[in-house]
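Written below as structure tokens is the structure these notes are about.
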Amino acid sequence: MTVAINAEKLTKKYGDMTAVDGISFRIDEGECFGFLGPNGAGKTTTVKMIHCFSPITSGSVTVFGKSSTIDNREIKKMTGVIPQEITLDVDLTVYENLMVFSRFFDIPHHEARVRIAELLEFVELQAKAKSRIHALSTGMKRRLLIARALLNRPRLIIADEPTTGLDPQVRHLIWQRLRLLKNRGATLILTTQYMDEAAQLCDRIVIMHQGKILKEGPPAQLVADEIGREVVEIRVAREEDAGLIAKLTDIACGHERAGDTLFFYCRDGRDLMKKVVELNLPNVLNRPATLEDVFLKLTGRSLAE
Ligand SMILES: Nc1ncnc2c1ncn2[C@@H]1O[C@H](COP(=O)(O)OP(=O)(O)OP(=O)(O)O)[C@@H](O)[C@H]1O
Ligand SMILES: [Mg+2]
């Protein structure tokens, strides 16, 4: 197995503030690896250090064996970045944005034309080739960023929150495309705040919080190991907590509180639900465990907090 990325004690400081706090991880070629975490966790800062955009304060990271230092041309050549911010040139059309970008990689004009046609089809934007950027919806701009990231036929694709703020239809289109790229052999790094996105796309994830990696593993395994199979959510006033926890805690394998909700974890929700019915509790939900529960258990906060 070829190692795509190897990070050792990777650290980024902005003045006194540590944005990325000595994290180590390894990504194999062909994997989809996810960084999952709330706002400010350090996801973007981490990927910017990988793709040679942001200088490393200490530690190291290599991309296919090459050391990531600012403006390492070899790494930039084999990497495609879908940035979190929409960094398109608003004075140009869709087609022109791609053509100008292709020059950064010294792609000959005729070859660029072929690739642009292919990529516009890939992201379903053929009809918008002559449109200016301000005439595009957010979903279209995101798809254009994906096309742009693929112009140099990258071996490594970094997608920084590729579906934030998009409607479900566009999210699914983007997920399909990212899966297709992975099936063609690309290595994918994804950052996201969406648990379902990480679960859908990633072979392995790390959960990041305040610049640190809290846990690493395949999404389903993290859920099974940390939580179990099912969660029973009960919305209650805080004063009722203690009594309820005492009554249910023997049946559940753990519990957590976030806001007005108590979360009970269990291998199988049926016994707990029986008790809930006996106690005649209102506002109860029994559902499968998710990565959101893992995050809550690890940090005592929900991702949205
Ligand atoms: N250029 C910068 N100067 C100073 N501080 C910064 C800079 N960029 C990021 N930070 C800080 O570093 C921390 C991590 O930010 P980062 O953008 O990496 O988080 P993130 O996980 O990508 O969050 P989001 O989900 O909001 O995109 C935050 O506290 C942020 O304020
Ligand atoms: Mg970010």
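Nothing in this text is a laboratory measurement; each read-out follows from the coordinates by a stated rule. Please read these numbers as outputs of a predicted model, since none were measured by experiment. Positions of Cβ are generated from backbone atoms using ideal geometry, with glycine treated the same way; all protein chains shown enter the neighbour counts.
Close amide H pairs (under 5 Å, H built 1.01 Å from N) link A159 with I82, I189, L190, T191, residues at least 5 positions away or on another chain.
Placing unit charges on the Cβ atoms only, positive for Lys and Arg and negative for Asp and Glu, gives the chain a dipole magnitude near 940 debye about its Cα centre. Entry note, the chain: the mean residue ellipticity at 222 nm calculated from DSSP H runs of n ≥ 4, each adding -39500 (n - 2.57), is -10500 deg cm²/dmol after division by the residues and rounding to the nearest 500.
For V20, the residues 5 or more places off, or on other chains, whose built amide H falls under 5 Å of its own are K12. Simple rule: put +1 on each Lys or Arg Cβ and -1 on each Asp or Glu Cβ in the chain, find the dipole, and look at P219, M49, T261; the Cα lying farthest toward the positive end is M49. Check each of the GluC sites (Glu not before Pro) in the range 112-172 and keep only those in coil by DSSP with at most 14 other C-beta atoms within 10 angstrom; list them in order. Those satisfying the criteria are E124. Lys-Lys pairs in the range 178-305 that are eight or more residues apart or on separate chains and whose Cα atoms lie under 25 Å of each other come to 8. If r is the Cβ-Cβ distance from R73 to A135 and R0 is 30 Å, what FRET efficiency results, to the nearest 0.05? Result of the calculation: an efficiency of 0.30. Applying 1/(1 + (r/R0)^6) with r as the Cβ-Cβ distance of E8 and Q176 and R0 = 41 angstrom yields a FRET efficiency of 0.75.
Whose amide H sits under 5 Å from the amide H of C32, counting only residues 5 or more places off or on another chain, with H placed in the peptide plane? Those lying under 5 Å, H to H, from C32 are L188, D203, R204.
Our summary of shape: the Cα atoms of the range 34-106 have principal axis extents of 40, 30, 20 Å, ordered from largest down, in whole angstrom.
Sparse packing (at most 16 other Cβ atoms within 10 Å of the Cβ) combined with a DSSP loop state is found for none of the chymotrypsin sites (Phe, Trp or Tyr not before Pro) in the range 261-305. Sorted into 5 angstrom bins from 0, the C-alpha pair distances of the range 3-218 split as 1, 7, 15, 19, 20, 16, 11, 6, 2, 0 percent. The distance separating the Cα centre of the range 108-154 from that of the range 269-289 comes to 50 Å.
All Cα-Cα distances of the range 228-288, cut into 5 Å bins from zero to the largest, leave 4, 20, 36, 28, 10, 1 percent in each bin in turn. On the basis of the beta-carbon distance and an R0 of 35 Å, V90 and S58 show a calculated FRET efficiency of 0.40. Among T45, T163, T261, which one shows the biggest mean-square fluctuation in a GNM of the chain, springs joining Cα atoms closer than 10 Å? Comparing T45, T163, T261 in the GNM, the peak value goes to T261.
Rg/Rh for the range 60-165 (Cα atoms only, Rh after Kirkwood) is 0.98.
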